[in-house]
Each structure stands twice: as structure tokens, then as C-alpha cells.
Amino acid sequence: MERSRVAPHIREKITAPVYSVADRFASWERLVRRMEPGWSSDDFYPISAYDNDLDSRDALDEVMRALPAEADDGALGRLLARLDARFHAATVPDPERSLRPWVRPTNEKPETELGEWWKRKPVRVPWAD
């Protein structure tokens, strides 16, 4: 599907889906790791990348809802629960939505329908390093 949307010279270079479930899990894990204490890197991480990573978490939510209920107890469900717990530990509630001027979901929904990850902010801000 992704390959059908690009020019032939680009299509040949795409060997794996860019927006695969595995890629979404990897994005979520990278974000969680980046926010945890002790993480250090010279990699530039702009605040705009943060909402992209939160969008990836939205996509994982959609994937999990599309799978049979048993998937929540399977390997993917357990992995997602572990990553979510680490995210929760590396963030604090943000009831005033202080990041909203810079961090907005691409899928327009009422605030009440957004995942919890949109309602929290990092303890250690990765774009300020």
C-alpha cells in the first residue's frame, strides 16, 4: 500500500512498511526510553517529534482494538502494557494541557476521547536537552 503511493524510483527502495505495527512499537519504545532518567544522547529531538510519537501510540491503540480480545493478554498486549507503565512513570499528569500549543494529535477528537498519553507531560523534557 505504501509503495503504491510513491514514485517508482522511491518505491524500489522501500523494503518494509514504514508504518508497520513493529515500527509503531519501536517509536513508542524509543520515546519512552528517551524520557526515562539516565538517558543521554546527542540526538536532536524536537517537540514536533513528540506528537508524532504520541500519534504512533494512538495507532497502537487502534491495532489492539482491532485484534481479538485475547491479544491484550498475549505478547503484544504485555509489551504495550510494559511500555505504557514506563511512560506513566516518566510523565506527570498535565490537566492544564500545557503542551497543547505545540503538541496536538493529528486525529481530531474531543479531549475526553484522547488516550491518557496525550494528557501527561514528561518529567524530563527530551527536547530541552
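The values are calculated or read from the model by the stated rules, or taken from the named source; none is laboratory data. Bear in mind the structure is a predicted one, so any value in this text is a computation, not a measurement. Because the Cβ atoms are built from the backbone with ideal geometry, glycine has one as well, and the counts that use them run over all protein chains shown.
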Next on the checklist: Which numbered condition in (1) surrounded by fewer than 13 Cβ atoms within 10 Å (Cβ to Cβ); (2) assigned to a helix (DSSP H, G or I) is the only one that A71 fails?
Outcome noted: (1)
Checklist entry - If you check every pair at least six apart or on different chains, which have Cβ atoms under 7 Å apart with a residue in region 100-129 that is without any contact (Cβ under 8 Å) to a residue 60 or more places away in the chain first and a residue that is assigned to a strand (DSSP E or B) and of a type outside the set (S, T, Y) second? => result K119/P93; R120/V92; R120/P93; K121/V92
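I'd like to check something: does region 29-41 contain any residue that is farther than 18 Å from V125 by Cα and either without any contact (Cβ under 8 Å) to a residue 60 or more places away in the chain or not small (G, A, S) (or both)?
Scanning region 29-41, I find no residue that is farther than 18 Å from V125 by Cα and either without any contact (Cβ under 8 Å) to a residue 60 or more places away in the chain or not small (G, A, S) (or both), so the answer is no.
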Item to check | region 42-61 - residue that is outside any helix (DSSP H, G or I) and touching a residue at least 24 places away in the same chain (Cβ under 8 Å) and, of those, farthest from R104 (Cα to Cα) | outcome: Y45
Next on the checklist: Scan region 8-26 and tell me whether some residue there is modelled with pLDDT of 90 or more, surrounded by 10 or more Cβ atoms within 10 Å (Cβ to Cβ) and of a type outside the set (F, W, Y).
Outcome noted: yes
